[in-house]
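Contents: one structure, followed by commentary.
The values are calculated or read from the model by the stated rules, or taken from the named source; none is laboratory data. Note that this is a predicted model, so its numbers are computed, not measured. Cβ placement follows ideal geometry from the backbone for every residue including glycine, while neighbour counts extend to all protein chains displayed. Calculation scope for accessible area: heavy atoms of the full protein, side chains included, ligands and nucleic acids excluded. Shrake-Rupley method; radii C 1.70, N 1.55, O 1.52, S 1.80 Å.
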Amino acid sequence: DTPFITEKTIRKLLEIHKENGNWCTFLTAIFEEPKGYGRILRNGKKEVIGIIEEINATDEQRKIKEINAGVYVFKSEGLFDSLKKINPDPIKKEYYLTDIIKIYSQENKKISTYTTPDPYETIGINTLNELKKAEEYLVKRGKNG
């Protein structure tokens, strides 16, 4: 789902996860126009407290530019028990894996993020418009080495 993600980014995500002894470490990116992405919710201390899908977000939450890239590293211990605590979304009637972040936050389990310096490495290709953006990114990346 993220064809441009680099080995360097994956290694950094794993490094942060291991060094901090996290329950979850996940990839984020900053977009000026983050339409369609889940937004990262943080408290006053800048700690992650959840991810809100755009469809469920308030107008204020939609202004958040830090997005969930959908790439996670989890501690396997207790993960399946925690997943059982996820309830279906009231709007889409789907189970959101992203709800695990709020659950871990409420349980004071350590969560970290890594924000990629190149947000375009996180884009997915699910529509013709996204394919066009991906082609533009490939051309730009090819010119810049």
Completion exercise
As a percent rounded to 5, the proportion of antiparallel DSSP bridges among beta bridges in the stretch 1-131 is 70 percent
Problem - Rounded to 10°, Cα long-axis angle of helix 7-20 versus longest principal axis of the chain - result: 20 degrees
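Anything over 18 Å Cα to Cα? Flag those among LYS12/LYS65; LYS12/LYS133; LYS12/LYS35; LYS46/LYS110, in the order listed.
Numbers: LYS12/LYS65 21 Å; LYS12/LYS133 25 Å; LYS12/LYS35 26 Å; LYS46/LYS110 13 Å.
Too far apart for the 18 Å limit: LYS12/LYS65; LYS12/LYS133; LYS12/LYS35.
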Fill in the blank from the handout: Non-local residues with an amide H under 5 Å from the amide H of TYR96, with H modelled 1.01 Å from N and Pro and chain starts lacking one, are ASP89
Exercise for the section: Give the angle, between 0 and 90 degrees and rounded to the nearest 10, that separates the Cα long axis of helix 128-143 from the longest principal axis of the Cα atoms of the chain. Expected result: 70 degrees
Handout entry: Distance (nanometres) between label positions extended 7 Å along Cα→Cβ at LEU131 and ILE10
Key = 2.5 nm
Exercise for the section: Over the stretch 41-119, average the accessible area per residue using a 1.4 Å probe and give it in Å², no decimals. Expected result: 62 Å²
Completion exercise
Rounded to two decimals, the Rg over Rh value of the stretch 2-54 from Cα coordinates and the Kirkwood Rh reads 0.99
Problem - Among TYR95, TYR104, TYR114: highest mean-square fluctuation, GNM of the chain, C-alpha pairs under 10 Å - result: TYR95
Problem - Separation of alpha-carbon centers, the stretch 108-145 and the stretch 1-47, rounded to whole Å - result: 12 Å
Practice task
Would you please state the base-10 log of I(q)/I(0) at q = 0.14, 0.15, 0.16 1/Å for the stretch 1-94, with intensities from the Debye formula using one equal scatterer on every alpha carbon?
Solution key: -0.63, -0.72, -0.82
Practice task
Would you rank GLU53, GLU66 by solvent-accessible area, highest first, keeping every protein chain in place and using a 1.4 Å probe?
Solution key: GLU53, GLU66
Fill in the blank from the handout: Comparing PRO88, PRO119, PRO34 in a Gaussian network model of the chain (Cα, 10 Å), the one with the largest mean-square fluctuation is PRO88
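At a Förster radius of 22 Å, what calculated FRET efficiency corresponds to the Cβ-Cβ distance of LYS92 and ARG62, to the nearest 0.05?
On the way: r = 17 Å, r/R0 = 0.76.
Between LYS92 and ARG62 the formula returns 0.85.
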